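The values are calculated or read from the model by the stated rules, or taken from the named source; none is laboratory data. The structure displayed is predicted, hence computed values, not measured ones. Here the Cβ is made from the backbone with ideal geometry for all residues, glycine too, and neighbour counts use every protein chain on show.
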Amino acid sequence: MANKINSKYPSLEDLRNKAQRRIPKFAFEYLDGGCNEDVNIIRNTSEIRDVKLEPRYLRNKGISSTKTKVLGMEFDAPFGIAPVGLQGLMWPNSPEILAKAAYQHNIPFILSTVTTMNIERASELTNGNAWFQLYNPAEDAIRNDIIDRAAAAQCPVLVLLCDVPTFGYRPRDIRNGLALPPKMSIANILQILGKPTWALNTLKHGQPTFETLKPYTPEGLNLKQLGQFMDKTFSGRLNEERIKPIRDRWKGKLVLKGVASTQDTEDAIRLGFDGIIVSNHGGRQLDAAESTINSLTEITPKYGDKIEVMMDSGLRSGPDIARAMASGAKFTFMGRSFLYGCGALGNQGGDHTITMLKTQFKQVMDQLCCERVEDLPKHLITN
Ligand SMILES: Cc1cc2nc3c(=O)[nH]c(=O)nc-3n(C[C@H](O)[C@H](O)[C@H](O)COP(=O)(O)O)c2cc1C
């Protein structure tokens, strides 16, 4: 684990640019894009930048710590790795790379139901510290089996996703005929041939598949079939009746991810969730949605003391993490950023991206003369 960042890639934009050169276009566009016209993704990344922070130079005790408590656990920094599906398609072995790096840096790694590593392996790599994100299965038996596997793997937190009641409308993926395994159209073959490191690594690590779902899924689905399979088997359409059995069965911490309204926050509290992640899926589902920073500032004043409010979508830097924490988030997550890191730097991508974000975040803390992460709201400029 390096403590220094690779000086060629000091910003996320550097990592993104390099990743774009190394990942085939169909996979990079799946990672990078939003939905429809990309309005929501632009809103997320731009509106957080309006948040301003005020330093207190004459109260400087010369110490600051990035340690952060959430859900009764302490982490070395206030950010973690959000669940991302199909990670191995974007960079071979990336879920393993990221799970290991998160564990070494003592930050949370959330495994997606639909990624290319299974619950058991995530747990092994993180010594039982991986969180698991659940797409709600329509069938009770599958739901119960997945929950029991997460419990057996000692996942401390189950993250129930609520913001995919339907598949997002993503024009790039439709044009690219995105599928797992990648559809061998002439265009996709040419894209793969143009990215030899990706191609060699994919050969080495084998074809990515939905590892956690293997016991329940037919193989080789294209985008259309995947949509149908997700609709049929993993109904994201949630309500009280569907949530209650999950809360009853799962004895650990339960978090609702994808919350974007005060009403859903109220329901989450009533239904016994321990935390929520204010998120709009990185702008991939509803192009007309509010930015997450604005949703957060609606929710935290009313409910911040009743439930642990975390946030993702649109964060790209240490200053962004500080902006979110100052605005009332108890913790933050990022999705694309870590995959850009893997795309750019392969096995070093997780370590580098975490180190870079932590270095940037610590600089903000020191610059503000803020000793503790929980004091960041005192530095928020509210006018
Ligand atoms: C390629 C991609 C796949 C994703 N897959 C999942 C998923 O399987 N489950 C989930 O809960 N969220 C998923 N998300 C959403 C992320 O967990 C997270 O909310 C989002 O990436 C945060 O926005 P950011 O990328 O701007 O940091 C995905 C996001 C991306 C970019």
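Observations, loosely collected:
- Among the residues here, LEU315 qualifies as under 18 Å from GLY33 (Cβ atoms) and touching a residue at least 12 places away in the same chain (Cβ under 8 Å).
- Candidate set: the range 201-210, residues that are of a type outside the set (Gly, Ala, Ser) and assigned to a loop (DSSP other than H, G, I, E, B); chosen: the one farthest from the chain's Cα centre (by Cα): GLN207
- Test: ASP145 is in contact (Cβ under 8 Å) with a residue 12 or more places away in the chain, more than 16 Å from the ligand (Cβ to nearest atom), over 14 Å from the mean Cα position of the chain (by Cα) and under 30 Å from LEU368 (Cβ atoms): no
- Taking the range 76-92 as the range and being touching a His at 6+ places or on another chain (Cβ under 9 Å) and modelled with pLDDT of 95 or more as the test, the residues that pass are ASP76, ALA77.
- In the range 24-79, residue nearest to ALA326 (Cα to Cα) [restricted to those that are among the small types (Gly, Ala, Ser), in a loop (DSSP other than H, G, I, E, B) and within 16 Å of the ligand (Cβ to nearest atom)]: ALA77
- Residue in the range 366-381 that is of a type in the set (A, V, I, L, M, F, W, C) and closer than 30 Å to GLN20 by Cα present: no
- Qualifying positions in the range 322-341 - in a helix (DSSP H, G or I), within 14 Å of the ligand (Cβ to nearest atom), touching a strand residue (DSSP E or B) at 6+ places or on another chain (Cβ under 6 Å) and of a type in the set (A, V, I, L, M): ALA324
- In the range 251-265, the residues that are over 18 Å from ARG237 (Cβ atoms) and either free of Cβ contacts under 8 Å to residues at least 40 places away in the same chain or crowded, with 21+ Cβ neighbours inside 10 Å (or both): LEU254, VAL255, THR265
- Selected residue (only one of GLY282, GLY272 is closer than 23 Å to ILE107 by Cβ and small (Gly, Ala, Ser)): GLY282
- Taken together, TYR135, TYR103 contain a single residue that is aromatic (Phe, Trp, Tyr) and either more than 14 Å from the ligand (Cβ to nearest atom) or on the phi > 0 side of the Ramachandran plot (or both), which is TYR103.
- Test: ALA344 is within 15 Å of the ligand (Cβ to nearest atom), buried (at least 24 other Cβ atoms within 10 Å of the Cβ) and either small (Gly, Ala, Ser) or outside any helix (DSSP H, G or I) (or both): no
- Residue match in the range 302-325 (condition: out of contact with any Leu (no Cβ under 9 Å at 6 or more places or on another chain), within 23 Å of LYS378 (Cβ to Cβ) and among the hydroxyl-bearing types (Ser, Thr, Tyr)): yes
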